[in-house]
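Participant: Structure below; questions to follow.
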Amino acid sequence: MIPGSLFLAALSELLYAALDAIGVNTRTVARRTETFLRRETIMTVCGNLMGLDCTVYHFGSQSEGTTTPGLQSDIDTLYSNDDFNIMYRLSDWKQGKLNLLMVRDETTSAQHYLLQWYRSDVPEPETDLLDPGDMERDSQGRVLLNNRFVIDMFAEKFGNNHLRRGPSNSHHEDFDYVHAFVCDKLPPEIESWFNKLTPRYWPSSEVIAVARQCPCFLVPDGYHKSPNKHLEWRITPNLIERKLMFSLNMVQRKCLVVLKMIKKEKLVKSIGHEGCKITTFHFKTALFFTLEKTPSNVWIKSRLLECISRTFQTIHEFLFQGRCPHYIVDGVDLFDGKICRECRISLEKVIRDMIQDNMRVLFHLQFDDLGRRLVQLPRELRVGADVNAHICGKLAKGNVRKLL
């Protein structure tokens, strides 16, 4: 009989090679990243030549190299409007710029800010509604920038093809465009993450130092339960997250790709509930937390299956607890407004069953024929597969019980 550890190692290496073959390999990932970073530069220069004061960024699967042809990931593009000077403090005011002060009060939701207009000639609040379409006076008399003008801008541009998903707008399922403002100075909820970050295994001090130099963005997306959601702007550390993603090794990237396949092909279809909007970002967040608490010697190709299972256990724990914390921004629940209670309970059961079944779901994945590729496991290792999978399934079951 083949020992369970040997079977899992063989299956892990076969899975690693199969993912290599469909484009999740060092060369392709580097080429993807290089391509999209170059696109950023080209699009920024072209915009500047046309008189637009903006910087273009690509985020998400395409630029991170965590996708495959079968996943058909969309292209996420963020336009940072550099005409505006975002101030966290009044001392950040700049003459001749369109100045907006980040403000909060008792009505403002976590991770969100209001943007108050300030004059460009003197550091004083604007008192006139110079553009009623973009500006709105609140109950305190402050002149604020609403976020609806972004929706209106894209709606006019895309016409009947206009699609809206959170802060993003599009004219096609393959593209997402986000209009944002850059915050050169990190607000407290981002700065505090760096100050209290004491990871056991990840990220490294070098990665943290590089990430700390990144600005963050304000995107037009109010809290879904807020009565003032049309006035709220959500803070988002996209560039910091991208630095974290760029630091991953190939096993860690492959782990995320497999989780995306399972999410897209099995989880969403198995639940099929209107209140179930589990996203790639939920799994990316679970991977970050798993990386923090997992020794680096686990992230090797002969233990790829274990890495996938560990990350799956993290998302299971979030579902069981009913809360998915943001990895960087404190006090934010990523399930809020995305996954209803009924859906969360159903997802928790489905994922628990997959873990206890020793991730046999991998053999049924149709994306890029991954499941068929895994059937090529050598016959001498397949002989004991059923028994060993049963044994390892019991071990995984024990791990799930620990979480409960």
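The values are calculated or read from the model by the stated rules, or taken from the named source; none is laboratory data. These figures come from a predicted structure and were not determined experimentally. Heads up, the Cβs are rebuilt from the backbone with ideal geometry, glycines too, and the neighbour counts pull from every protein chain shown. Surface accessibility is based on the protein's heavy atoms, side chains included, excluding ligands, DNA and RNA. Shrake-Rupley method; radii C 1.70, N 1.55, O 1.52, S 1.80 Å.
Participant: If the requirement is being of a type in the set (Ser, Thr, Tyr) and farther than 30 Å from PHE367 by Cβ, which of these qualifies: THR67, THR41?
Facilitator: On the way: THR67 fails: farther than 30 Å from PHE367 by Cβ.
Answer to the selection: THR41.
Participant: Give me a count of the residues in the stretch 319-328 that are surrounded by 15 or more Cβ atoms within 10 Å (Cβ to Cβ) and closer than 22 Å to HIS112 by Cβ. Don't jump to the end; show me each part of the working.
Facilitator: Step one: filter the stretch 319-328 for residues surrounded by 15 or more Cβ atoms within 10 Å (Cβ to Cβ), giving 319-320, 324-328.
Pick out the ones that are also closer than 22 Å to HIS112 by Cβ and you get 324-328.
Of the residues in that region, 5 qualify.
Participant: Ok, one more. From the list ILE315, ILE278, exactly one residue is out of contact with any Gly (no Cβ under 8 Å at 6 or more places or on another chain), not basic (Lys, Arg) and not in a helix (DSSP H, G or I). Which is it?
Facilitator: Working: ILE315 fails: not in a helix (DSSP H, G or I).
So the residue among ILE315, ILE278 that is out of contact with any Gly (no Cβ under 8 Å at 6 or more places or on another chain), not basic (Lys, Arg) and not in a helix (DSSP H, G or I) is ILE278.
Participant: When ASN85 is evaluated against the numbered criteria (1) closer than 24 Å to ASP330 by Cβ; (2) crowded, with 17+ Cβ neighbours inside 10 Å; (3) polar (S, T, N, Q); (4) more than 25 Å from the chain's Cα centre (by Cα), which criterion, by number, is the only one it fails?
Facilitator: So the condition that ASN85 fails would be (1).
Participant: Here is a follow-up. Determine whether the stretch 52-65 contains at least one residue that is assigned to a loop (DSSP other than H, G, I, E, B), out of contact with any strand residue (DSSP E or B) (no Cβ under 6 Å at 6 or more places or on another chain) and closer than 25 Å to LEU370 by Cα. Step through it out loud before you land on a result.
Facilitator: Restricting attention to the stretch 52-65, the residues satisfying the condition of being assigned to a loop (DSSP other than H, G, I, E, B) are 52-53, 60, 65.
With the extra rule that they be out of contact with any strand residue (DSSP E or B) (no Cβ under 6 Å at 6 or more places or on another chain), the set shrinks to 52-53, 65.
Applying the additional criterion that residues be closer than 25 Å to LEU370 by Cα yields 65.
Yes: one or more hits.
Participant: Under 6 Å between Cβ atoms, at least 6 apart or on separate chains: pull out the pairs that start in the stretch 98-113 with a residue that is among the small types (Gly, Ala, Ser) and end on any residue that is open to solvent by 20 Å² or more (accessible area, probe 1.4 Å).
Facilitator: Filtered contacts from the stretch 98-113: SER109/TYR223; ALA110/GLY331.
Participant: Let me ask you something else. Since LEU101 meets every condition but one in (1) over 28 Å from ILE42 (Cα atoms); (2) surrounded by fewer than 18 Cβ atoms within 10 Å (Cβ to Cβ); (3) under 28 Å from the mean Cα position of the chain (by Cα), which condition does it not meet?
Facilitator: The failed condition is (2).
Participant: Still on this structure, please answer the following. Which ones in the stretch 199-236 are assigned to a helix (DSSP H, G or I) and either open to solvent by 60 Å² or more (accessible area, probe 1.4 Å) or at positive phi (or both)? First the steps, then the outcome.
Facilitator: From the stretch 199-236, those assigned to a helix (DSSP H, G or I) are 205-211; that's our starting set.
Correct list: SER205, GLU206, VAL210.
Participant: Let me ask another. With respect to ARG39, is the statement that it is basic (Lys, Arg), buried (at least 18 other Cβ atoms within 10 Å of the Cβ), touching a helix residue (DSSP H, G or I) at 6+ places or on another chain (Cβ under 9 Å) and assigned to a helix (DSSP H, G or I) true? Steps first, please.
Facilitator: On the way: basic (Lys, Arg): yes; buried (at least 18 other Cβ atoms within 10 Å of the Cβ): no; touching a helix residue (DSSP H, G or I) at 6+ places or on another chain (Cβ under 9 Å): yes; assigned to a helix (DSSP H, G or I): yes.
It is false that ARG39 is basic (Lys, Arg), buried (at least 18 other Cβ atoms within 10 Å of the Cβ), touching a helix residue (DSSP H, G or I) at 6+ places or on another chain (Cβ under 9 Å) and assigned to a helix (DSSP H, G or I).
Participant: Of the residues in the stretch 329-354, how many are buried (at least 19 other Cβ atoms within 10 Å of the Cβ), touching a residue at least 60 places away in the same chain (Cβ under 8 Å) and part of a helix (DSSP H, G or I)?
Facilitator: Residues flagged as buried (at least 19 other Cβ atoms within 10 Å of the Cβ), touching a residue at least 60 places away in the same chain (Cβ under 8 Å) and part of a helix (DSSP H, G or I) within the stretch 329-354 amount to 5.
Participant: Name the pairs: first residue in the stretch 280-292 and within 7 Å of THR311 (Cβ to Cβ), second residue aromatic (Phe, Trp, Tyr) and assigned to a helix (DSSP H, G or I), Cβ to Cβ under 7 Å, at least 6 apart or on different chains?
Facilitator: ALA286/PHE318
Participant: While we're on this one: Any residue in the stretch 47-55 that is surrounded by 17 or more Cβ atoms within 10 Å (Cβ to Cβ), in contact (Cβ under 8 Å) with a residue 40 or more places away in the chain, under 25 Å from LYS264 (Cβ atoms) and not charged (D, E, K, R)? Talk me through it step by step, then tell me what you get.
Facilitator: Keep residues of the stretch 47-55 that are surrounded by 17 or more Cβ atoms within 10 Å (Cβ to Cβ), which gives 54-55.
Within this subset, residues satisfying the condition of being in contact (Cβ under 8 Å) with a residue 40 or more places away in the chain are 55.
Next, from what is left, pick out any that are under 25 Å from LYS264 (Cβ atoms): none.
No, that holds for no residue.
Participant: Another question, if that's okay. Filter the strands (runs of 3 or more DSSP E) completely within the stretch 75-189 down to those with at least 1 residues that are modelled with pLDDT of 90 or more. Write out each step before concluding.
Facilitator: Details: elements: 75-81, 84-87, 98-103, 112-118, 135-137, 143-145, 163-165, 168-170, 175-183.
Ranges flagged: 75-81, 84-87, 98-103, 112-118, 135-137, 143-145, 175-183.
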